[in-house]
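Reading through the structure tokens given below for one structure.
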Amino acid sequence: MNFPIIDVSKQSVAQFAVESSKAQAVRSVAWYRVVRPALVLCMWVLAVVYIRWCLENASPEELSLDAFMPVIAGIAAVALTMILWTFARQMDAMSSNRTRRMPLREEVRHDETREITFGNAGRCLVAYHDDDGVISHVVSMPEFERQAA
């Protein structure tokens with residue numbers, strides 16, 4: 001399956017049947033539209049029931065702000081670490097010597113492209129990659145076919 005999960009969950013049995021048998025297509029639709037959402041909902045309900053049970057059976061000392069401070073400090077430390085990590089990665093990416101430029105049309109060979117299909121509408125894009133595998137630019141399929149001709 002080459003589509004993002006959100007696009008897959010919107011597909012019909014007929015669309016799944018193109019890539020697999022009818023029985024597998026029915027199972028896929030049942031999984032994405034019924035079973036998987038039901039499992040997620042059940043997990044949230046169980047989490048709420050468990051938290052409610054914990055709060056009902058907690059002593060007044062356990063419900064004080066002093067009892068929650070280590071947890072709050074831990075969450076704040078993780079959030080701060082993630083923010084600092086994001087800034088560090090951005091600064092590292094900006095300071096790297098590697099420049100990203102769009103290749104000229106005649107520099108790009110057909111074997112350096114990869115076709116990607118998105119969604120049910122059948123929009124087709126061609127992504128051009130550099131030597132590191134990073135997408136340098138994307139063109140629509142009609143534009144790519146005009147360039148190739």
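Just so it is clear, none of the values below were taken in a lab; they were calculated from the coordinates. As the structure is a computational prediction, the values presented were derived from the model and not from experiment. Using ideal geometry, Cβ is built from the backbone for each residue, glycine included, and neighbour counts are taken over all protein chains shown.
When the dipole is taken about the Cα centre of region 9-99, and only Lys, Arg (+1) and Asp, Glu (-1) are charged at their Cβ, what size is it in debye, to the nearest 20? Write out the running numbers ahead of the final one.
Numbers: 8 positive and 6 negative charges, 169 e Å.
Using only the charged Cβ atoms, the result is roughly 820 debye.
By per-residue mean of other Cβ atoms within 10 Å, what is the highest-first order of 83-95, 12-24?
Descending mean neighbour count gives 12-24, 83-95.
Beta carbons within 10 angstrom, averaged per residue: use that to sort the peptides 31-40, 56-65, highest first.
Peptide ranking by packing, descending: 31-40, 56-65.
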